[in-house]
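What follows is a single structure, written as structure tokens, with notes after it.
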Amino acid sequence: MESCGALALQSLQHGTGEVLAVLASSVYLANPVGVLCLLPAASGAGPINLTGHYQRPTALVVGAQWQFSQQLLSIDQQAIANLQQTPVWQPAAHPNWTPARLRQTLIDASAALAELQCDAPLPAVTRILDRGALALGEWLAQHRAGTPGDPADAVTALIGCGDGLTPAGDDYLTGFLIALHSVDQHRAGQQLTAHLQNHVIQRTSRISAAHLLAACRGMASEYLHNFIYAVMANNRPALQSATDQLRSYGHSSGYYAARGAIDALTIIAE
Amino acid sequence: MSVIVNEVRKGFYLDSVALMRLSAEISALAGIDDAVLMIGSPSNRQIMADAGLLNPDGEQAGPNDLVIALRADSDGNANRAIAHARKSLQGGSLKSSAEAALPRTLSSAQTQLPDANLALISTPGSHAAREARAALQRGLNVMIFSDNVSIADELSLKQQADNNGLIVMGPDCGTAIIGGVALAFANVVARGNTGVVAASGTGLQEFSVLLAKLGGGIQHAIGVGGRDLSDDIGAISTLKAIDLLAADPAVETLVLISKPPGKATADRVFEKLANTGKPVIACVFGLSQAELPNGIRHAGTIKAAAEMAGNATLNAADKATPQALADSLSAERTVISGLYTGGTLCTEAQRVLRSAGINVASNAPAPGADAQSPHQLIDLGADEYTMGKPHPMIEPSVREPALQQALTNPQTAVILIDVVLGYGAHPDPAQSVINTLAAGNPDRPLVIASVCGTDADPQDLATQSRKLRDAGVIVCACNADAAALTAQIVTHQST
């Protein structure tokens, strides 16, 4: 296989589990340790992703049992992927940055965000997203000013808000979290994580929660990391390349994750 | 009276695109005021409640459940919408589970369709031979749509097929009709008593549509690939196809459409054709009746072949007189520019023009072509024009730059084009031509077209022809007529 995310490997090493979801281009596997996402090659590495050429079984159904033993992943006794020599993926180290450099690039980053704009969600979803984004921004600003408080209810309402396999609110929070970790705002990240962990299981799906909890640990799709790092490094060619990659990150997940990241970086850059 | 219906699918996941698509479908159904599909998270339940879409069923949903929430103007419309959703979600399975159940190997495909006897292969050329070989080993006949298969592979595959009583259609076989079933690019034509062997995709299409216009029909049209009749391949598939058609009692007339066979191969092909015991028509560009054995009728054009097979005469579509058309052109307009999407149609046009004493240059030269001629007929479907670009039959806009150039050339007298309809072709190829003409100068050359299609084709021959005529294009009944009219006009211009 092409790559195995660090959290995906943890789930696999438990040895067994069940098929959680069978989608057009991905298969989600789960067990008590976590959730992993089986994807074709060139889909982008990530903490819960297992990507590469694999033998997708015919008539794959939710609830089918999978096994992982001696580097071989099987579903219903049928070998589908060999993980011998598969690299374990973790995000690359972030680049050096300065607030001034960040401010320079954020203008281009906002333009890149416009390129990613997808179909408008329901107006009600937009309202919750806007309120949540505003509240989150205020919370972060207060945190940086030394007056930390708990994120407001409007932030909590972001969890599980929106349509899609990973709702827009979860994607926004993912981008926000990864940006915080990337600029070493770990205390803010930890506090936000603590708040989210109290609510995420009740408020969003197991699949989206897996992505969001990975972000709480500073890990998300490599495409999102590439985007954020390009902004931090003021690297415009890399920003364009990462924007192109984010276009293929879910249907609208790339847009909302980038938006969360830009909002966080904008506050950090002030 | 508004009816709110919620259907909750427990533990059900659907990818975002599928969710949006289904949501849009349901919203567009009659009597549906509003509809959403979302996970039953607390935030989403609030959104649905605020929108007046949530009822007690939906209120029970959790974040791992999919909620289909809709508001309709009646119970009947609500129930129909829910039924539509259920059908799309396939009775509780994910829609994508059906996609997941699609076979991904030849082995699993054959398990699902044990009675299949043909594999159609459309992979990058470097992989096609391997897949074809595997299919032959499984006892399947093969149609290779892919090009870029080596001659060595083609020979080996056809020998393997021949040794096992099978046939390989192709490589680079874009068109076939087997038992009335159209494969790849083909037109909607009636089933009839004519069997065709063609080393030519658009040649096969043109023949089938003209025969259909004449009231005839196709039993089988077997594409053998452009190289099959070369000495390198020795007509292995052609000979097999002739045997198959000869043995089929439903086939009463055989037609061969091809360029000339290799010298070493020609005798075997024509001898077999002559001994089928059935009437045979050979439309082999570059050959004359004198070069064919008794029992095989020569057709110089595809139109002639169709008229022989259909035992009828094609009506001319356009009553324009060549003299009048030539008189409408200014004196400096003397040159023909042919812009073709079909290779055989380009070849046929060259032949017709040559028989009228007009030699042309071409990137796909027929015998007698003159590289120095100012008249140019271009096969835009040839490899050099389609590298990294869609074929002009699929995306007609790739012809637009060449068409614009010909339109603005003050020396162009006639632009000859083909417009090919049928399965696989662009849904509205005429519009691309019309758009280019509309953007140009009213003082322009004549544009003469043939439309290869039938009224039953998805694009509808009558509509495409009418649109072209309304835009000032002269639409002829067939490619041969278009070339013949062009020859007459240019001949008048030069006298």
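Here are some notes:
- Residue selected from the range A:141-151 under the condition in contact (Cβ under 8 Å) with a residue 40 or more places away in the chain and over 22 Å from the mean Cα position of the chain (by Cα), by the criterion farthest from the other protein chains (Cβ to nearest Cβ): A:Arg144
- Residue in the range A:205-213 that is touching a helix residue (DSSP H, G or I) at 6+ places or on another chain (Cβ under 6 Å) and at pLDDT below 95 present: no
The rows are residues; the columns are (1) within 29 Å of B:His391 (Cα to Cα); (2) out of contact with any helix residue (DSSP H, G or I) (no Cβ under 7 Å at 6 or more places or on another chain).
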{"residue": "B:Ala266", "(1), (2)": "no, yes"}
{"residue": "B:Lys278", "(1), (2)": "no, no"}
{"residue": "B:Gln289", "(1), (2)": "no, yes"}
{"residue": "B:Arg297", "(1), (2)": "no, no"}
{"residue": "B:Glu307", "(1), (2)": "no, yes"}
{"residue": "B:Asn315", "(1), (2)": "no, yes"}
{"residue": "B:Gly342", "(1), (2)": "yes, no"}
{"residue": "B:Cys346", "(1), (2)": "yes, yes"}
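- Residue that is over 23 Å from B:Ala51 (Cα atoms), buried (at least 24 other Cβ atoms within 10 Å of the Cβ) and β-branched (Val, Ile, Thr), where the choices are A:Thr174, A:Thr98, A:Thr86: A:Thr174
Every residue, every condition in (1) crowded, with 23+ Cβ neighbours inside 10 Å; (2) not in a helix (DSSP H, G or I), yes or no:
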site	(1), (2)
A:Ser208	yes, no
A:Gly218	no, yes
A:Val231	yes, no
A:Pro237	no, no
A:Gln245	no, no
A:Tyr249	yes, yes
A:Tyr256	yes, no
A:Thr266	no, no
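- Across the range B:37-51, a minimum of one residue is classified as among the hydrophobic types (A, V, I, L, M, F, W, C), at pLDDT below 95, in contact with a helix residue (DSSP H, G or I) (Cβ under 6 Å, 6 or more places away or on another chain) and within 26 Å of A:Ala59 (Cβ to Cβ).
- Residue match in the range B:231-248 (condition: over 28 Å from B:Asp153 (Cβ atoms) and of a type in the set (S, T, N, Q)): no
- When restricted to residues that are of a type in the set (A, V, I, L, M) and part of a helix (DSSP H, G or I), the range A:220-229 contains 2.
- The number of residues in the range A:152-162 that are surrounded by fewer than 24 Cβ atoms within 10 Å (Cβ to Cβ) and touching a residue at least 40 places away in the same chain (Cβ under 8 Å) comes to 1.
This table checks each residue for (1) touching a Cys at 6+ places or on another chain (Cβ under 6 Å); (2) under 20 Å from B:Thr175 (Cβ atoms); (3) surrounded by 14 or more Cβ atoms within 10 Å (Cβ to Cβ).
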site: B:Val280; (1), (2), (3): no, no, yes
site: B:Val284; (1), (2), (3): no, yes, yes
site: B:Ile296; (1), (2), (3): no, no, yes
site: B:Ala324; (1), (2), (3): no, no, no
site: B:Ser328; (1), (2), (3): no, no, no
site: B:Thr334; (1), (2), (3): no, no, yes
site: B:Leu339; (1), (2), (3): no, no, yes
site: B:Gln350; (1), (2), (3): no, no, yes
site: B:Arg354; (1), (2), (3): no, no, yes
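- Enumeration of residues in the range A:70-90 that are more than 12 Å from A:Gly17 (Cβ to Cβ) and either within 14 Å of chain B (Cβ to nearest Cβ) or of a type in the set (A, V, I, L, M) (or both): A:Leu72, A:Asp76, A:Gln78, A:Ala79, A:Ile80, A:Ala81, A:Leu83, A:Val88
- Selection from the range B:32-63 of residues that are among the small types (Gly, Ala, Ser) and either under 23 Å from A:Ala21 (Cα atoms) or under 39 Å from the mean Cα position of the chain (by Cα) (or both): B:Ala35, B:Gly40, B:Ser41, B:Ser43, B:Gly58, B:Ala61, B:Gly62
- Per the listing B:Asp34, B:Asp15, the residue uniquely within 12 Å of chain A (Cβ to nearest Cβ), under 21 Å from A:Ala24 (Cβ atoms) and among the acidic types (Asp, Glu) is B:Asp15.
- Of all the residues in the range A:88-100, those that are in contact (Cβ under 8 Å) with a residue 60 or more places away in the chain and closer than 30 Å to A:Ser3 by Cβ number 9.
- Of all residues in the range B:305-322 being modelled with pLDDT under 90 and among the polar types (S, T, N, Q), the one that is nearest to B:Ala462 (Cα to Cα): B:Asn315
- Here the strands (runs of 3 or more DSSP E) wholly within the range B:155-210 that include at least 1 residues being of a type in the set (S, T, N, Q) and farther than 15 Å from B:Arg227 by Cβ are B:175-178, B:194-198.
- Annotation: of all residues in the range A:119-140 being in a loop (DSSP other than H, G, I, E, B) and either surrounded by fewer than 18 Cβ atoms within 10 Å (Cβ to Cβ) or on the phi > 0 side of the Ramachandran plot (or both), the one that is farthest from the other protein chains (Cβ to nearest Cβ) is A:Ala120.
- In the condition set (1) buried (at least 16 other Cβ atoms within 10 Å of the Cβ); (2) more than 18 Å from B:Thr301 (Cβ to Cβ); (3) among the hydrophobic types (A, V, I, L, M, F, W, C), B:Leu377 is compliant with all but (2).
- Considering residues of the range B:227-253 that are in contact (Cβ under 8 Å) with a residue 60 or more places away in the chain and within 23 Å of the chain's Cα centre (by Cα) only, the residue surrounded by the fewest Cβ atoms within 10 Å (Cβ to Cβ): B:Arg227
- A:Asp171 within 14 Å of another protein chain (Cβ to nearest Cβ) and either modelled with pLDDT under 90 or over 17 Å from the mean Cα position of the chain (by Cα) (or both): no
- Checking each residue of the range B:195-204 against the condition of being in contact with a His (Cβ under 6 Å, 6 or more places away or on another chain) and in contact (Cβ under 8 Å) with a residue 40 or more places away in the chain gives at least one match.
- Here the range A:174-199 is the region considered, the condition is being in contact with a Ser or Thr (Cβ under 9 Å, 6 or more places away or on another chain), under 26 Å from A:His251 (Cα atoms) and modelled with pLDDT under 95, and the residue that is nearest to the other protein chains (Cβ to nearest Cβ) is A:His199.
- On the stretch given as the range A:50-69, residues that are more than 14 Å from every other protein chain (Cβ to nearest Cβ), more than 23 Å from the chain's Cα centre (by Cα) and more than 15 Å from A:Ala30 (Cα to Cα) total 1.
- Checking each residue in the range B:145-203 for being polar (S, T, N, Q) and either at pLDDT 90 or above or buried (at least 24 other Cβ atoms within 10 Å of the Cβ) (or both) picks out B:Ser150, B:Ser156, B:Gln159, B:Gln160, B:Asn163, B:Asn164, B:Thr175, B:Asn187, B:Asn193, B:Thr194, B:Ser200, B:Thr202.
The values are calculated or read from the model by the stated rules, or taken from the named source; none is laboratory data. Every value quoted in this text rests on a predicted model; they were computed, and no experiment measured them. Every residue, glycine among them, receives a Cβ derived from its backbone with ideal geometry; neighbour counts consider all protein chains shown.
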